[in-house]
1. Could you tell me whether region 354-362 includes any residue that is assigned to a helix (DSSP H, G or I) and in contact with a His (Cβ under 9 Å, 6 or more places away or on another chain)?
2. Is there any pair with a first residue in region 7-34 that is part of a strand (DSSP E or B) and a second that is at pLDDT 95 or above and basic (K, R) whose Cβ atoms are under 7 Å apart and which are 6 or more apart or on different chains, and what are they?
3. Looking only at region 394-405, how many residues end up being surrounded by fewer than 15 Cβ atoms within 10 Å (Cβ to Cβ) and either touching a helix residue (DSSP H, G or I) at 6+ places or on another chain (Cβ under 6 Å) or at pLDDT 75 or above (or both)?
4. Examine region 488-507 for a residue that is touching a residue at least 12 places away in the same chain (Cβ under 8 Å) and hydroxyl-bearing (S, T, Y), and state whether such a residue exists.
5. Which residue pairs have Cβ atoms closer than 6 Å, lie 6 or more positions apart in sequence or on different chains, and pair a first residue in region 457-485 that is touching a residue at least 12 places away in the same chain (Cβ under 8 Å) and aromatic (F, W, Y) with a second residue that is buried (at least 16 other Cβ atoms within 10 Å of the Cβ) and in a loop (DSSP other than H, G, I, E, B)?
6. Being surrounded by fewer than 16 Cβ atoms within 10 Å (Cβ to Cβ) and under 28 Å from E424 (Cβ atoms) is the filter here; which residues of region 464-483 pass it?
7. Any residue that is more than 30 Å from D469 (Cβ to Cβ), of a type in the set (F, W, Y) and modelled with pLDDT of 85 or more - is there at least one of those in region 365-373?
8. Test E26 against the criterion of being open to solvent by 50 Å² or more (accessible area, probe 1.4 Å), of a type outside the set (A, V, I, L, M), closer than 17 Å to Y116 by Cβ and more than 35 Å from the chain's Cα centre (by Cα), and give yes or no.
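The values are calculated or read from the model by the stated rules, or taken from the named source; none is laboratory data. Small disclaimer: the values here were computed from a predicted structure and weren't measured. Counting neighbours? That spans all protein chains shown, and the Cβs are built from the backbone with ideal geometry, glycine included. Note: areas computed on protein heavy atoms with side chains; ligands, DNA, RNA excluded. Shrake-Rupley method; radii C 1.70, N 1.55, O 1.52, S 1.80 Å.
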Amino acid sequence: AAMVQKYQSPVRVYKHPFELIMAAYERRFPTCPLIPMFVASDTVNEYKSEDEAIHVIERRCKLDIDAPRLLKKIAGVDYVYFVQKNSLNRRERTLHIEAYNETFSNRVIINEHCCYTVHPDNEDWTCFEQSASLDIKSFFGFESTVEKIAMKQYTSNIKKGKEIIEYYLKQLEEEGITFVPRWTPPVACKLESSTSHTRRPVSPAINIPDSATKEGLNNKEILNTSSSPSEPTAGTPDDKLDADYIKRYLGDLTPMQESCLIRLRQWLQETHKGKIPKDEHILRFLRARDFNIDKAREILCQSLTWRKQHQVDYILDTWNPPQVLQDYYAGGWHHHDKDGRPLYVLRLGQMDTKGLVRALGEEALLRYVLSINEEGLRRCEENTKVFGRPISSWTCLVDLEGLNMRHLWRPGVKALLRIIEVVEANYPETLGRLLILRAPRVFPVLWTLVSPFIDDNTRKKFLIYAGNDYQGPGGLLDYIDKEIIPDFLGGECMCEVPEGGLVPKSLYRTAEELENEDIKLWTETIYQSASVFKGAPHEVLIQIVDASSVITWDFDVCKGDIVFNIFHSKRAPQPPKKDSLGAHSITSPGGNNVQLIDKVWQLGRDYSMVESPLICKEGESVQGSHVTRWPGFYILQWKFHSMPACATTNLPRVDDVLASLQVSSHKCKVMYYTEVIGSEDFRGSMTSLESSHSGFSQLSAATTSSSQSHSSSMISR
């Protein structure tokens with residue numbers, strides 16, 4: 001069975017009034033020289049309302065699809081017919097276009113919906129959007145060929161759509177038509193007009209305030225745009241992406257790439273409640289998976305969960321690297337390369353990796369690298385503004401002068417690999433170029449150890465120079481301006497990056513000390529993890545003394561689908577027996593899994609449900625609260641969600657069976673945080689709960705909930 005292909009366009013803004021755009025659009029029919037494949041169209045049905053506000057027209061369009069002759073022969077057709085239904089509403093100033101294929105409609109289903117509407121912030125501008133789906137059920141064994149042809153034709157037509165409107169606008173202008181009046185209701189009914197002629201002269205006067213308001217609007221528009229002419233972000237309806245914004249801030253994307261970004265972003269808006277990463281960051285994950293939306297969604301969700309778990313959003317504001325790092329870590333930011341990418345300089349050869357690992361431990365080192373990456377994201381955003389074009393990655397210059405066998409110390413290499421792995425998973429597509437200079441003889445050994453851990457896409461960006469080759473042709477000067485080549489590479493620019501050097505042994509710590517440090521670093525997270533198995537939910541007990549308290553929760557479903565319940569019981573549940581945990585401890589080291597509800601308890605007698613069950617899908621973030629009505633024991637429960645069989649046949653659907661097989665060993669993972677608040681404190685702290693405990697603040701653009709709770713999150717930190 002073929003996949004259903006979906007397409008969703010960004011919003012395209014025409015800086016012309018709706019009526020003029022309609023006049024241009026109408027000129028595409030019955031045929032259009034700009035679309036050679038559009039051979040003819042006939043009107044099949046037409047309807048006009050009496051006041052002419054509504055005009056519906058249905059056309060049958062004949063297309064000469066550019067497909068191999070052989071395929072046309074097998075299919076037995078020369079032309080493909082589409083039905084297109086246009087509904088124009090002059091009062092509301094909207095045009096809706098629905099199109100579907102008539103030819104092969106039992107084998108291939110194509111649906112397209114387009115709409116022209118008035119720009120929400122400027123009534124003299126027009127917005128255009130389109131979405132489509134293609135479902136190939138069967139095509140004489142040529143399904144994938146047909147899919148490729150259809151997608152190719154479709155995307156080339158998307159690009160043409162804008163040119164066509166602009167072509168006809170120009171044609172209208174050459175004919176002297178630059179204004180088309182708006183629809184106005186017909187003058188009052190005939191009976192009245194025949195009896196009193198005195199009313200006649202009033203009708204033109206009605207238009208005067210109308211044009212006056214239009215003038216007013218234009219002035220307002222001028223005021224609005226003059227405040228920030230360089231930012232085309234303003235005025236995209238309902239937080240949709242518009243085409244100009246994409247070009248300016250995100251780069252040249254193909255129509256299908258734009259569609260993937262828009263759809264993934266939409267999915268995040270629906271499931272991640274106001275904690276959405278910035279568009280350029282979503283785009284990085286799509287690029288890392290060649291715009292396969294499902295794969296990108298999976299790695300993005302894992303990364304969002306990881307960020308939350310380790311409070312990565314607060315690293316730049318709250319974490320101060322220990323002095324040892326500031327003194328001995330030989331890396332730092334240094335201006336930018338010729339493409340405007342931030343430049344990071346690392347004097348790896350001068351760095352005592354063994355000393356750093358012994359003095360700090362792996363976790364503090366990893367944390368430091370994360371803070372460098374967070375700073376990199378910030379600098380990319382900054383440079384995008386400064387250079388007036390999208391910059392989404394940085395360049396890294398690694399100087400290996402001084403590299404020796406000390407660097408091949410196993411724990412050091414192990415730490416390095418782990419750091420590479422975490423960075424690859426959470427900062428994909430951020431390395432624009434890696435320049436490796438003065439590579440010594442031992443370098444190939446190190447390289448063979450490290451390279452398998454590095455993504456192919458990333459590896460293509462590596463340039464390696466031995467000895468002083470970097471000074472020759474094709475060297476450093478091709479990538480970095482002469483003025484900023486650092487002094488230690490023979491340049492004239494003072495480079496602030498620390499020199500590195502050996503870490504004194506007096507700073508080394510014992511394994512125990514480091515162990516405790518590590519635990520402290522990562523348990524600063526306020527979340528707890530739990531595993532949920534088929535037949536073994538995870539349950540948390542909350543005892544309430546004061547009847548009107550508020551139980552709040554915030555959890556992420558990291559893996560699998562679960563059902564969340566909250567129960568109340570007057571009796572205290574028995575503390576969980578050790579053996580019930582033992583059964584699962586083999587399969588889930590550290591995945592805590594506790595059952596509190598006794599098998600003999602009956603719902604409705606021993607305990608009651610106080611909120612209706614909530615089904616939560618993999619990747620979702622859920623926040624909520626429950627105002628308690630009685631004192632006693634409350635139990636929060638996360639339980640495995642098994643797929644219901646298909647309702648009509650009671651047989652499981654193939655998709656469901658496949659999905660259930662993929663959930664390895666029926667294990668789900670949840671990361672949760674709960675807190676009880678007195679109801680009088682609740683109103684004030686709800687916003688702080690939402691923002692501070694769902695740590696995506698820095699990554700979020702100001703979306704729905706993060707904007708209003710920003711002030712409180714500062715306090716609650």
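1. Yes, there is a match, as at least one residue in region 354-362 is assigned to a helix (DSSP H, G or I) and in contact with a His (Cβ under 9 Å, 6 or more places away or on another chain).
2. none
3. Of the residues in region 394-405, 1 are surrounded by fewer than 15 Cβ atoms within 10 Å (Cβ to Cβ) and either touching a helix residue (DSSP H, G or I) at 6+ places or on another chain (Cβ under 6 Å) or at pLDDT 75 or above (or both).
4. Looking through region 488-507, none of the residues is touching a residue at least 12 places away in the same chain (Cβ under 8 Å) and hydroxyl-bearing (S, T, Y).
5. Y479/D337
6. Once the filter is applied, which keeps residues that are surrounded by fewer than 16 Cβ atoms within 10 Å (Cβ to Cβ) and under 28 Å from E424 (Cβ atoms), region 464-483 yields A466, D469, G474, D478.
7. Scanning region 365-373 turns up at least one residue that is more than 30 Å from D469 (Cβ to Cβ), of a type in the set (F, W, Y) and modelled with pLDDT of 85 or more.
8. Answer is yes for this residue.
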